[in-house]
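Novice: Questions regarding the structure given below will be posed in turn.
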Amino acid sequence: MNESDLIDSCTLKVLNGQRISFEEAEKLILVSDITKLGKSSIRITRHFNGNSIDVESLVNAKSGNCPEDCSFCAQSSFYDTGITKYPLLSEEIIVEKAKAAEEQGADSFCLVCAYRAPPEKDFMRICKIIKRLKQEVKLDINVSLGFMTLERARRLKALGVKRYNHNLETSESNFAKICQTHEYFDRIKTAKIVKQAGLELCCGGIIGMGETTKDRLELAFEISALDPDEVPINILVAKKGTPLSVMDYITTEDIIRTIAVWRFILPKAILKLAGGREIHLKDNGKIALESGANGIISGGYLTTDGNKPSEDIKMITEIGKLQ
């Protein structure tokens, strides 16, 4: 089978509700016709997700001093990265940031905190903040708080939280090279708890950490097994002081190929361009949105600045997508 027939065969398989195999994914990610691959990926996106782009804004509500040693993370207490560290932000500041995100055109707002798991006092404060957010903004409210118990997840669901973020970060095969302070299964467990509690699951990872192409595909299939609603694709921004600070950037073509093939593996999920897109893709963000992605995080990340939501919405409009 030639490359063109392979792409057509895999596209029809996905459109008909079937799954492509790992072997097919390995062949797809290496095809020379990246333009056709991207067009087929966007065809799948339109079939299952329509023409809209999900725009999300987030707040780093508690920064630094995380007890985990994830080698990509500037917020880990294991590394001296020079970031600004602070405890849980006040209710007023978080509500103010959510209102600003709403005014700038975001669809959802994610409250992110650098915890292994929040202490009960902080969790109670977060619940109070969520309750106020639900009263004062019309945005979907999402959270990312580290490891989760079923009881806490159900409390978040009762408060009206839509989606919980807990990334796998990298493939199980590669995980021990990235983190030593917890196991891959710990992340799987929280993802399953989130779904059990009735919350939508946001679960993605980071590419560009020295992993192989096979690792990237393994990660996509492992995420797919969790049936996520949203899948953020982060691209490593090497942070000074972390073990990955000297990592070479991956190419734009590698990023586009990954996004496109992940769409074949995750046809129904929101594939969201996340951390690192402005640095790695620059003006090629449009290409990514025409190669299978149908969501973006806008307005900045945890320790990295990003585009203003208004700039991203302009970009979406220019390529004819409905926000």
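The values are calculated or read from the model by the stated rules, or taken from the named source; none is laboratory data. Keep in mind it's a predicted model, so treat the numbers as computed, not measured. Cβ: placed from backbone, ideal geometry, glycine included. Neighbour counts: every protein chain shown.
Novice: Cβ contacts < 6 Å: first residue farther than 7 Å from Gly295 by Cα, restricted to region 266-277; second residue modelled with pLDDT of 95 or more and among the β-branched types (Val, Ile, Thr), any location; separation 6+ or different chain. Result?
Specialist: Partner pairs satisfying both residue conditions: Leu266/Val231; Pro267/Val14; Pro267/Ile44; Ala269/Val231.
Novice: Considering only region 218-228, I want to know if a residue exists there that is in contact with a strand residue (DSSP E or B) (Cβ under 7 Å, 6 or more places away or on another chain) and touching a residue at least 60 places away in the same chain (Cβ under 8 Å).
Specialist: No.
Novice: Being surrounded by 13 or more Cβ atoms within 10 Å (Cβ to Cβ) and among the charged types (D, E, K, R) is the filter here; which residues of region 34-52 pass it?
Specialist: Lys36, Lys39, Arg43, listed by residue number.
Novice: Being under 12 Å from the mean Cα position of the chain (by Cα) and of a type in the set (Asp, Glu) is the filter here; which residues of region 228-270 pass it?
Specialist: Asp229, Glu230
Novice: Something else about it: Are any residues in region 10-24 farther than 12 Å from Val261 by Cβ and either aliphatic (A, V, I, L, M) or surrounded by fewer than 13 Cβ atoms within 10 Å (Cβ to Cβ) (or both), and if so, which ones?
Specialist: Leu12, Leu15, Asn16, Gly17, Gln18, Ser21, Glu23
Novice: For region 197-254, list the strands (runs of 3 or more DSSP E) that sit wholly inside it and hold at least 1 residues that are surrounded by fewer than 21 Cβ atoms within 10 Å (Cβ to Cβ) and of a type outside the set (Gly, Ala, Ser); which are they?
Specialist: Strands (runs of 3 or more DSSP E) meeting the threshold: 200-202.
Novice: Here are some conditions: (1) modelled with pLDDT of 75 or more; (2) in contact with an Asp or Glu (Cβ under 8 Å, 6 or more places away or on another chain); (3) not hydrophobic (A, V, I, L, M, F, W, C). Ser291 meets all but one. Which one does it not meet?
Specialist: (2) is the only condition that Ser291 fails.
Novice: Quick test of your reading of the structure: Thr81 fulfils all but one of (1) over 18 Å from the mean Cα position of the chain (by Cα); (2) closer than 20 Å to Leu159 by Cα. Name the failing condition by number.
Specialist: For Thr81, the exception is condition (2).
Novice: Looking at region 52-84 only, could you name the residues that are within 21 Å of Ala98 (Cβ to Cβ) and in contact with a Lys or Arg (Cβ under 6 Å, 6 or more places away or on another chain)?
Specialist: Ile53, Val59, Ser63
Novice: Quick one: which residue in Ala61, Ala74 is in a strand (DSSP E or B) and under 19 Å from the mean Cα position of the chain (by Cα)?
Specialist: When all the criteria are applied, what remains is Ala61.
Novice: Separate question: Return only the number of the condition from (1) touching a Leu at 6+ places or on another chain (Cβ under 7 Å); (2) part of a loop (DSSP other than H, G, I, E, B) that Phe264 does not satisfy.
Specialist: (2)
Novice: Filter region 53-82 down to the residues that are under 15 Å from His182 (Cα atoms) and of a type in the set (A, V, I, L, M, F, W, C), then identify the one that is modelled with the lowest pLDDT.
Specialist: Applying the filter and picking the extreme gives Phe78.
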